[in-house]
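Beneath this line is the structure, given in structure tokens, with notes to follow.
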Amino acid sequence: MSRPRLCRRCFCKPCATYFKPRGIPLRHLKEVVLALDEFEAINLKDLQGFEQEQAAKKMKISQPTFNRLIREARKKIADAIVNGKALKIEGGNYTFSNRQR
């Protein structure tokens, strides 16, 4: 039996939860779902510029887990951009925290 997943700490709620290519009706698009914990990993590493070890500590996860999260998030974002898919931000295993350290 596998170990249950720990909740990842997230600080930032997305301003928008859906992105799609312009000029193509949504019904004609495939969709890629980016989990909120993956969104937070992208925010901390790529936007705020934290090192992986620092970002992992903020999210209360291990550095290898953070690395897997960021890799998967980047893959999903690249798939949406390169293949013209809609990107939906929802779900994941997370808890929101109002305080940043």
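The values are calculated or read from the model by the stated rules, or taken from the named source; none is laboratory data. Keep in mind that what you see is a predicted model, and the values were worked out from it rather than measured. Backbone-built Cβ (ideal geometry, glycine too); neighbour counts: all protein chains shown.
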(request) Would you check which residues across the range 18-35 are touching a residue at least 40 places away in the same chain (Cβ under 8 Å) and either within 14 Å of Arg68 (Cα to Cα) or part of a loop (DSSP other than H, G, I, E, B) (or both) and list them? (result) Lys20, Pro21, Ile24, Leu29, Lys30, Leu34, Ala35
(request) Would you check which residues across the range 82-101 are loosely packed, with under 13 Cβ neighbours inside 10 Å and modelled with pLDDT of 95 or more and list them? (result) Val82, Asn83
(request) Would you confirm whether any residue within the range 50-59 is among the aromatic types (Phe, Trp, Tyr), outside any loop (DSSP other than H, G, I, E, B) and touching a helix residue (DSSP H, G or I) at 6+ places or on another chain (Cβ under 9 Å)? (result) no
(request) Go through Ala86, Ala41 for me and flag whichever is of a type in the set (A, V, I, L, M) and over 10 Å from the mean Cα position of the chain (by Cα). (result) Ala86
(message) Quick test for you: out of Ala56, Ala78, pick the one residue that is of a type in the set (A, V, I, L, M, F, W, C) and either at pLDDT 95 or above or surrounded by fewer than 18 Cβ atoms within 10 Å (Cβ to Cβ) (or both).
(response) Ala78
(request) All but one of (1) at pLDDT 90 or above; (2) in a loop (DSSP other than H, G, I, E, B); (3) farther than 17 Å from Asn83 by Cβ hold for Arg3, so report the exception by its number. (result) (1)
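Conditions tested, residue by residue: (1) of a type in the set (Ser, Thr, Tyr); (2) at pLDDT 95 or above; (3) in contact with a Lys or Arg (Cβ under 7 Å, 6 or more places away or on another chain).
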{"residue": "Leu26", "(1), (2), (3)": "no, no, yes"}
{"residue": "Val32", "(1), (2), (3)": "no, yes, yes"}
{"residue": "Leu36", "(1), (2), (3)": "no, no, no"}
{"residue": "Asp46", "(1), (2), (3)": "no, yes, no"}
{"residue": "Lys60", "(1), (2), (3)": "no, no, yes"}
{"residue": "Thr65", "(1), (2), (3)": "yes, no, no"}
{"residue": "Arg71", "(1), (2), (3)": "no, yes, no"}
(message) Can you confirm whether Glu38 is closer than 19 Å to Ala86 by Cα and surrounded by fewer than 16 Cβ atoms within 10 Å (Cβ to Cβ)?
(response) no
